[in-house]
Amino acid sequence: TAARAERLPIIRVRGEVRVCMWPEYFAISYRNPRNGELEGIDIDMARALAARLNVRLTFVETNFGEFMDRVDDGSCDIAMMAVGITPPRAQRIAFSKPYLASPVYAVTTRTNTRIQAWRDIDSPGTVVAVAAGTVMEPLMRESLRNAELMVVRMPRTREGEILSGRADVFMSDYPYTRRMVLMHDWARVIDPPGRFGETLYAYAVQRNDAAWLNEVNAFLERARLDGTITRSATRHGLAPILLP
């Protein structure tokens, strides 16, 4: 079917590469509410990929609960939104070489007196929120023994659940938690022990399309060698989690 055809020739004939992204992912693929502009490392990298291919760029907005469907049905040629590599996802999509790695952090309010340290999170009566479809959902489902897990689906947000008091803490990664402390005076980040839940991030394409995957990996390698990805990571505050 057209949806399963090799993407690279389609992209070249179409003269367009369609990139799935989640516009709420701070420093990764984020729509700045102040000016409506897209910014982040994967916005920069998507533009660089389109320039390499000499085609126009179209962003396709999605989320982590739906992006694999968009890749599968050909709505987008590639997902560039720091997609965490997990075995279940690898059964449906193919991953590029990883370029970022982040452990999992917790976010609560400055006024929450019960959650002071990581050891306080998995306790009776605590509600831990995660966004549906993210790597934090299966991780916390497996890790929690005493706390209650809340899976937040759009249009509800993890921040809203915290501020309403329905949840005590939510789990996210380095980019998203940096956003919280930069933009919200009420937010407090709790660092994990060691590298808890560390996840590798990559780009995602359809399975069984070796030519397109090889092109994406070649693009990533060139971006490393010429400094494109390092400059972008530094610009967006992600240098600490950029892989060498």
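Under the simplified labelling scheme, the residue 5-residue 114 pair shows an inter-label distance of 5.6 nm, with each label point 7 Å from Cα along Cα→Cβ. Fully extending the segment from residue 66 to residue 189, taken as 0.36 nm per residue of separation minus the present Cα-Cα distance, adds 41.5 nm.
Extension gain for residue 181 to residue 142 (0.36 nm times residue separation, less C-alpha to C-alpha distance): 11.3 nm. Using the Karplus relation 6.51 cos²θ - 1.76 cosθ + 1.60 with θ = phi - 60°, the per-residue 3J(HN,Hα) values for the range 213-230 come to 4, 4, 5, 5, 5, 5, 4, 5, 5, 5, 5, 5, 5, 8, x, 4, 6, 5 Hz, with x marking Gly and Pro. Distant-in-sequence amide contacts of residue 167, defined by a placed amide H-H separation under 5 Å and a gap of 5 or more residues or a different chain, comprise 162. The amide H of residue 105, built 1.01 Å from its N in the peptide plane, has 172, 173 as neighbours under 5 Å, considering only residues 5 or more places off or on other chains. Given springs between every Cα pair under 10 Å in a Gaussian network model of the chain, which of 164, 123, 29 has the largest fluctuation? Ranking 164, 123, 29 by mean-square fluctuation puts 164 first.
If I take R0 = 35 Å and measure r between the Cβ atoms of residue 153 and residue 35 in this structure, what FRET efficiency does the formula 1/(1 + (r/R0)^6) give, to the nearest 0.05? It comes to 0.80.
Starting from the Cα of residue 164, step 7 Å along the direction of its Cβ; do the same at residue 224; then give the gap between the two resulting points in nm. Going from the residue 164 label point to the residue 224 one covers 4.3 nm.
Summing Lys and Arg as +1 and Asp and Glu as -1 over all other residues whose Cβ lies under 12 Å from the Cβ of residue 202 gives a net charge of +1.
In order along the range 73-84, phi translates into HN-Hα couplings of 8, x, 4, 9, 7, 7, 9, 10, 7, 6, 7, x Hz, rounded to whole numbers, per the Karplus curve 6.51 cos²θ - 1.76 cosθ + 1.60 with θ = phi - 60° and x for Gly and Pro.
A full extension of the chain between residue 207 and residue 54 corresponds to an added length of 52.7 nm, given 0.36 nm per residue minus the alpha carbon distance. From its DSSP helices (H runs of at least four residues, each -39,500 (n - 2.57)), the chain gives a residue-normalised ellipticity at 222 nm of -9000 deg cm²/dmol. Distant-in-sequence amide contacts of residue 83, defined by a placed amide H-H separation under 5 Å and a gap of 5 or more residues or a different chain, comprise 202.
Here, each number is a calculation from the coordinates, and none is a lab measurement. Just so it is clear, the model here is predicted, and its values are computed rather than measured. Counting neighbours? That spans all protein chains shown, and the Cβs are built from the backbone with ideal geometry, glycine included.
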